[in-house]
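Below is one structure, written out as structure tokens; the observations come after it.
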Amino acid sequence: MTTVQGTGTAALSVDGPILVAEHVTMRFGGLTAVDSVSFRVMPGEIVGLIGPNGAGKTTFFNCLTGLYLPTSGRVVFNGQVLPPKPRKVVQAGMARTFQNIRLFSNMTALENVMVGRYCRTSAGPFTSIIRGPKFRREERETRERAQQLLDFVGLGHTTDSLARNLPYGDQRRLEIARALATDPKLVLLDEPTAGMNPQETRQAEELIFKIRDQGLAVVVIEHDMRFIFNLCDRVLCLVQGKALIEGTPAEVQSDPRVIEAYIGTGPDDAAALESELEEGQPDA
Amino acid sequence: MINIRRLVTPELQQRYNRQGRILGLVGGVLLIIAPFLPWAYSSDALDNMTVLGYPSPLQFFGLALGVIISAFLVLQQALTQRQKKRVRVGWVPGAKAAATGALIYIALILLSIAAELGGLVNIVYGGWIALVGALLAFIGTRLIPAGRTPTLAAATAPAPLEILAIAVMMAAALFAAAFALNHDDAGSFVTFIAFVGAVVAVMIRSGVMGWLSAVSQRYRKVLIFSAFVVAFMFPFTQGGSDANMSIATQVMIFAATAMGLNIVVGLAGLLDLGYIAFLGAGAFVAAILSRSAFSTVGFHPPFIVVVLISGTVAATLGLIIGSPTLRVSGDYLAIVTLAFGEIFRISMNNLDGTDGPLLTRGSNGIPAIPDLVLFGFNFAQRHELLGIPLGRFSNYYFLLLLVLGLIILVFTRLNNSRIGRGWVAIREDEKAAEAMGVNVFGLKLFAFAGGAFLAGVAGSVKAHQDISVTPDQYVFLESAFLLAAIVLGGMGTVLGVLVGATLLKLMPEKLRFVNEYRLLIFGLLLVLMMRFRPEGLIPNQRRQLEFHEEDEELAERISEEIAETGTVKGAT
């Protein structure tokens, strides 16, 4: 069992952790949404981020991806301090999905993924107007790569479907494909199985393993405990903006403080949750 | 229409199907006969409708509608006996559209005669027969069941035939444009527009239009080429007359400017209410740098250089306005551009040597701008080509055609590129686009400044064509009309915006009553459009989807079309 408070030193070499967050604090007025959270992700690792509603998980995500500028603390990605701009963060190699799906709903599945290629392509206005060989090659490569990614997430048949016509589970997978199109080193998934049935959840799990097998690091926010404990190498539990515990799924699962944070202090409640966690049921 | 559909129930149609056919045929035949009879007592109304046995052009169009009604009804009877046909033509829906069109057309002609000659008494028996024919055809066709929807769009013909169809369509468009412009009185113009509307309706209803648009998709290059040939040939139909060519060049400038604004509004989704200022900036730069005696600087580079300077100055203004405002979201841009348009006009008024430095000569502007001379070609002179005289305005028309073609090229190519995808993503969800690595601010600024550049280029030609440049040519109202043209035609499309710009510029020129009440009419038109067809006359599919977020059926239909053609129809 390792609590986070001690681990603050950042090794800035590329072989070390891909992402290091040091004492990240985010305050909105008087409210401290994220309170001095430190955190690191190694390449090829799947890390889970759990915590009760309002624990600051998504806020922490937004700090990592440049949507928010942390009030204090810093985020080092791949040996560089992250610029506070989502676009630059993507450029550096960190891509994300959204808790509430934010696809470009009136574009086709393929076009959605092609937008993800934007930051890795460079055709400017003049090449686009003149249509030189470079432009045509780049456009063809973009299209081919996007189709590959659609096949990768299992949406190869939906190329020309409008995103808004896709079923819910497919939309979540399309969002992942779009994120992967930016050639990331680290993917942050915000509740990738929300609203999915058990079968779709299992598919999502396989997909995340497949992504990891490509050598990418993955950070997942989830409420589905069975999903998280099956999937992750390490789990960080946030409670009221503070890092409560970080460790292997087994360690986190059995920690009384996690149970307390989710359910309360009553001994009956704790027993109830303990059994629930052991059975791997999703929490409320 | 809805009321008629409710009135004539399917049961009624089943019962009176036969009678309906006979009535329709009788009406059609009456419409064929009537044009050979005199319609009016005096030849002063419309074209000469007093002659027995020799139809005037407008009467002839009535005859054409009669032929369509009769032929469609006969063909439907003759052809649907053989049920095995793969392709279904909408004979009955076509006949219905033709009959409705004929009724409106004949009614408009009779009203025009009455209005121009002073009362219904001036209508001769032939006119009444035509009206009765149209009425019978209308009632008759309404009583026939419509049958199944046409599937003509799926048909394919041999390549030469399809290309010929495109050529015929283009030739018809050229003829229609020339005919409409050559009729100066409001009555002829309006009735002719009604005829064109009727023919288009017949084509849509019978499925011909669907087939033509499918053919156009297959032969895009042919379509684009023939469209330019037709546009190029237009001055040759005018016989050297400058009256219509002057209007045509104004339409061209308006269309070119609207296409530029279309990049800003239609593609990038930025509301620019001061776009005319960029046109004005280009025009003033060109005027000041021209060899006019009233030019205020001593630097007179050749026109090619002036064009680039005009564009650059306009683009720089765009950058200055855009870079602070495009960072904030929401409607700030609209307010700032609105203010910028006014600031521009007032500044130009004040750069007169007393309130500010002498640059634009204030409200007098810069007159006596000489005509262009490009590569030894003097735009002021009349030229003869193939024995057809081409006046000064024709020269400018050709130049503007080039400019317009260039702007359309920029528009479509940008639309179908990485940059175009970025713009769509920004329109859809700005936050998500930014989070996916799209340079939101950069792309917006590029659209804004690029649009300004194109307006500046158009303005530099406009300065020479107008001969004088004054600040009051570039008022807010003009920006509003540009926007109206885009909204009316269809945001983000080429054809739609061209149609919108032509309608909006041509109507006030040709119809005096429209010119007097043009604000009222266009205002009403826009309100109606927003209520019934917010995506414009010829919609961009993506825009159509954006305007109908709830419409699942539409999304399904468009999805199928995309799967068939492999692209989202937008740029055409």
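Please treat every number below as a calculation from the coordinates, not as lab data. Please read these numbers as outputs of a predicted model, since none were measured by experiment. Methodologically, a virtual Cβ is constructed for each residue, glycine included, from the backbone with ideal geometry; neighbour enumeration extends over all protein chains shown.
Suppose R0 equals 22 Å. What FRET efficiency, 1/(1 + (r/R0)^6) with r the Cβ-Cβ distance, do B:Met530 and B:Glu560 give to the nearest 0.05? Efficiency for this residue pair is about 0.20.
Computed from Cα positions, the angle between helix B:476-489 and the longest principal axis of chain B comes to roughly 40 degrees. Under the criterion of Cα pairs below 8 Å and six or more residues apart, the relative contact order for the range B:241-509 equals 40 percent. Suppose each label sits 7 Å from its Cα in the direction of the beta carbon; what would the A:Phe209-B:Ala293 distance come out to in nanometres? Modelled inter-label distance: 8.9 nm.
From helices alone, chain B scores -22500 deg cm²/dmol at 222 nm; the rule is -39500 (n - 2.57) for each run of n ≥ 4 DSSP H residues, then divide by the residue total.
Peptide B:422-435 is shielded by partner chain Cβ atoms: per residue, an average of 6 of them sit within 10 Å of its Cβ.
Length gained on full extension, B:Tyr54 to B:Val229: 59.6 nm, using 0.36 nm per residue less the C-alpha separation. Shape of the protein assembly as shown from its Cα gyration tensor (a ≥ b ≥ c, root eigenvalues): rounded if a/c is under 1.5, otherwise prolate when a/b > b/c, or oblate? Since a/c reaches 1.5 but b/c is at least a/b, the shape of the protein assembly as shown is classed as oblate. Cα axis of helix B:220-233 to longest principal axis of chain B: angle in degrees, 0 to 90, nearest 10? It works out to around 80 degrees. Within chain B, the longest run free of exposed loop sites, counting GluC sites (Glu not before Pro) that sit outside DSSP helix and strand states (H, G, I, E, B) and have at most 13 other Cβ atoms within 10 Å, spans B:1-548. A simple spin-label model places the labels of A:Asn53 and B:Ala71 6.9 nm from each other, with each point 7 Å out along Cα-to-Cβ.
In deg cm²/dmol and to the nearest 500, what is the mean residue ellipticity at 222 nm of chain A if only DSSP H runs of at least 4 residues count, each as -39500 (n - 2.57), divided by the residue total? Before the final figure, lay out each step's value.
Details: 11 runs with 112 residues, N = 284.
Helices in chain A give a 222 nm mean residue ellipticity of -11500 deg cm²/dmol.
Rounded to 0.05, the FRET efficiency of the B:Lys431 and B:Val305 pair, given R0 = 45 Å and the Cβ-Cβ distance, is 0.55. Listed values for the range B:119-124 are Karplus-derived 3J(HN,Hα) couplings in whole Hz (6.51 cos²θ - 1.76 cosθ + 1.60, θ = phi - 60°), namely x, 5, 4, 7, 8, 8, and x replaces Gly and Pro. Computed from Cα atoms, the angle from the helix B:208-218 axis to the main principal axis of chain B rounds to 40 degrees. Residues of the range A:172-193 falling in the label zone of A:Glu141, defined by backbone nitrogen less than 20 Å from a point 7 Å along Cα to beta-carbon, are A:178-185. Report, ordered by chain and residue number, the lysines lying within cross-link reach of B:Lys444, taken as a straight Cα distance under 20 Å and ignoring same-chain residues fewer than 8 apart. The reachable lysines, counting only those whose Cα sits under 20 Å from B:Lys444, are A:Lys85, A:Lys88, B:Lys431.
Shape class of the range A:106-168 from the alpha-carbon gyration tensor: prolate, with a/c at 1.5 or above and a/b greater than b/c. In chain B, Rg over Rh equals 1.01, where Rg is the alpha-carbon radius of gyration and Rh the Kirkwood radius from pairwise Cα distances.
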